[in-house]
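Taken together, the values in this text are just the output of simple stated rules run on the coordinates, not laboratory data. Given the structure is predicted, the values throughout are model-derived calculations rather than measurements. Neighbour counts are summed over all protein chains in view; Cβ atoms, including those assigned to glycine, are modelled from backbone coordinates with ideal geometry.
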Amino acid sequence: MSIATPDKTIVSSSGAPIQKPKNTTTTEGKKVSEDEALAKLTTQLPDVKGYRILCMVPEAEDTYDGSILKSESVKQIQEHSTVVLFVMQLGDLAYKDKERFPEGPWCKEGDFVITRAYAGTRIKIHGKEFRIINDDTVEAVVDDPRGYERA
């Protein structure tokens, strides 16, 4: 699944950049150019405002460590209760309060951050879960989100 960020970057559900949309056919079966398909994808995500941060919930792994497949309900519970999020966009006022954030922003677009489980406003776009959190909800930044789970 591909997702468009507000700056018109197309990323996979893991956050990796994708250059061009793979599907140039609309749901009605009409063929469109790659540029038209890209323009359509880039209007999918909300443009967060104020001190909010738009984050994507990383997809849960399909298997346990021993290669046993997880059920869809288990994966859904893991995604809903995750404490690791991928930062897609900072609102226009995020981290601008110099009294609260004298050292500057705690995170930037493209970071994986740790928050409390179930934090923020949860929304789904084409079946993919996103969260809109407050800038002070970020508790840590991690380089590699693998291995982190709610205790």
Problem - 107, 55 arranged by Cβ crowding within 10 Å, fewest neighbours leading - result: 107, 55
Completion exercise
A student applying the Cα gyration tensor rule (rounded when a/c is under 1.5; otherwise prolate if a/b is larger than b/c, oblate if not) would label segment 52-142 prolate
Exercise for the section: Would you kindly state how much longer the chain becomes between residue 144 and residue 76 on full extension, computed as 0.36 nm times their sequence separation minus their alpha carbon distance, in nm to one decimal? Expected result: 22.4 nm
Practice task
Per residue of segment 143-151, in order, report the coupling 6.51 cos²θ - 1.76 cosθ + 1.60 (Karplus, θ = phi - 60°) as ³J(HN,Hα) in whole Hz, putting x for Gly and Pro.
Solution key: 6, 10, x, 5, x, 7, 8, 5, 8
Practice task
Subtract the Cα-Cα distance of residue 63 and residue 124 from 0.36 nm times their separation in residues, and report this length gain in nm to one decimal.
Solution key: 19.6 nm
Practice task
Just give me a number: lysine pairs in segment 38-136, eight or more positions apart or cross-chain, with C-alpha atoms less than 20 Å apart.
Solution key: 11
